[in-house]
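Here is the structure we will look at, set down as structure tokens.
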Amino acid sequence: PETSAKEGCLPGDTVRFTIGHPAGTISANETATWTSGASVETNLSGNLPWPEIAVKKLVKDQDANVAPGPYIAAGATVTWTFTVSNTGNVVLSNVNLVDDNGTPGSPGDDISVCAFDSLNPATEQLCELTGIAIVGPYVNQVTASAFYTRTVTAVDSSHYFGALVAVELEKHTNGQDADSAPGVYVAAGQPITWTYSVDNTGNVSLANLDVVDDNGTPGVPGDDVLICSISNLAPADAPVNCSVSGGAAASGRYGNVATVSGTPPGGLPAAQDTDASHYFGVETGISLVKETEGENADAPPGPYVLAGSDVNWVYTIQNNGNVQLADILVTDNLVLDIDCQGISELAPGGQMTCMASGTAVEGQYMNLGSVAGTPPGGLDVVSDTNPSHYFGARPEIQLEKHTNDQDADSPTGVYIEVGEALTWTYTISN
């Protein structure tokens with residue numbers, strides 16, 4: 001290359017100047033031309049010493065010079081590989097690789113990756129460094145240095161993205177988060193609505209998300225139901241909601257499990273979450289049998305009880321449903337004091353007995369017993385009634401005896417000639 005003219009030079013003077021030249025072998029003469037037109041040939045044939053070093057840094061076997069680089073699960077092991085090469089034509093000494101540990105402004109935590117006493121021209125060495133992937137974007141830079149009359153350096157950077165792959169599924173039954181049995185109480189025969197909320201709780205986008213329900217048969221995948229599909233869900237996106245309505249609720253306990261799965265970038269394992277939901281198909285029923293003096297006297301007259309004597313009623317209550325009934329209340333339209341022995345709850349199929357007593361009144365009598373119980377889950381109160389009868393008896397009989405048509409209650413009674421006919425008349429009245 002041309003160099004600047006040197007002023008004040010006379011013929012015969014020695015002139016020194018420097019020519020920059022790439023590494024390699026110079027096989028031709030160089031000629032310096034002066035402004036006077038004189039020229040000096042300088043023989044530069046031979047090897048010029050040229051120290052040069054290069055470094056290539058890979059992360060997860062990728063040359064990730066540009067962000068985001070490969071996706072690596074946060075908390076997983078990340079491996080960097082370094083190839084340091086002598087690209088000059090002289091032996092380099094004191095070869096060192098130092099990584100800035102992702103903090104270019106803090107040399108105190110730099111990592112010495114590897115070191116070599118020497119490195120011949122056209123040769124390379126491999127080094128390796130491992131660490132734990134952090135959350136989010138990450139970049140670190142390695143510097144390779146070596147010495148031959150002067151220090152030569154080379155740098156290379158690599159990026160990765162520490163991925164948190166996470167998805168959350170929340171399943172509700174009739175608006176309730178019924179993760180545990182028995183869950184929501186629903187009257188048998190009523191429809192059920194399930195809602196599914198899908199939220200990306202990680203830091204990478206998820207693609208091709210499917211929400212699948214096991215249809216209440218976890219061991220039979222053939223009847224699983226695809227609830228909805230979501231093409232893409234980014235971390236900043238609002239949760240996506242799906243819903244489906246089932247047929248009439250079955251009687252008794254029921255549970256089904258939903259699963260969501262989505263694909264993260266970079267070949268990472270799929271994100272997945274499950275959520276269970278339960279309901280209980282409620283059949284409610286309560287019955288009351290009321291007895292008077294041991295008789296189920298639904299119709300009159302019922303048992304006969306002496307008016308003025310004690311009369312006893314027994315109330316037998318049975319839970320005919322499939323759920324516990326609470327707040328059992330037994331009442332009577334004419335009896336105020338009914339003793340249920342402090343029982344206020346009744347299990348499915350269970351019975352309880354209450355008692356009351358009073359004084360029998362005269363004539364035909366009817367009173368109406370009632371029972372009510374409260375099922376769980378805010379369902380309607382169930383009730384039943386049963387009448388009972390008795391007849392308040394005042395048994396009396398009257399006998400009127402006449403002699404010859406006269407009421408001869410007192411002596412001497414009727415006077416009759418001896419030998420005459422005599423007639424007694426008996427009149428019996430209730």
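The values are calculated or read from the model by the stated rules, or taken from the named source; none is laboratory data. Model, not experiment: these values are computed from the prediction. With ideal geometry, Cβ positions are generated from the backbone for all residues, glycine too; neighbour counts draw on all protein chains shown. Ligands, DNA and RNA are stripped out before the accessible areas are found, and what is left, the full protein with its side chains, is counted by its heavy atoms. Shrake-Rupley method; radii C 1.70, N 1.55, O 1.52, S 1.80 Å.
Worth a mention:
- Amide H partners (placed H, <5 Å) of GLY136, local residues excluded: GLY162, ALA163, LEU164
- Size of the range 218-344: Rg and Dmax of its alpha carbons, in Å, are 28.7, 94.
- Given charges at Cβ of Lys, Arg, Asp, Glu: the chain dipole, positive-most of GLY419, PRO221, ILE134: ILE134
- Computed over the range 41-144: relative contact order in percent, which uses C-alpha pairs under 8 Å that are six or more apart: 33 percent
- Taking 11 Å as the cut-off, the amide N atoms of the range 210-254 that come nearer than this to a point 7 Å along the Cα-to-beta-carbon line of ALA270 belong to 210-212.
- Surface share of carbon and sulfur [accessible, 1.4 angstrom probe, percent] for the range 179-289: 51 percent
- Nitroxide proxy distance, nm - points 7 Å out along Cα→Cβ at SER205 and ALA326: 5.0 nm
- Each Lys and Arg adds +1 at its Cβ and each Asp and Glu adds -1 at its Cβ; summed about the Cα centre, the range 123-258 shows a dipole of about 220 debye.
- Heavy-atom accessible surface of ILE428, to the nearest 10 Å², is about 110 Å², with a 1.4 Å probe and all protein chains retained.
- Mean accessible surface per residue for the chain, computed with a 1.4 Å probe while every protein chain stays in place, in Å²: 56 Å²
- Mean separation of Cα pairs under 8 Å and 6 or more residues apart, divided by the residue count, gives the chain a relative contact order of 10 percent.
- Calculated on the alpha-carbon coordinates, the convex hull of the chain measures out at 267 cubic angstrom per residue.
- The stretch between GLN141 and SER106 holds 11.4 nm of extra length on full extension. This uses 0.36 nm per residue minus the Cα-Cα distance.
- Taking 0.36 nm per residue of separation and subtracting the current Cα-Cα distance, fully stretching the chain between GLU168 and TYR415 would add 77.2 nm.
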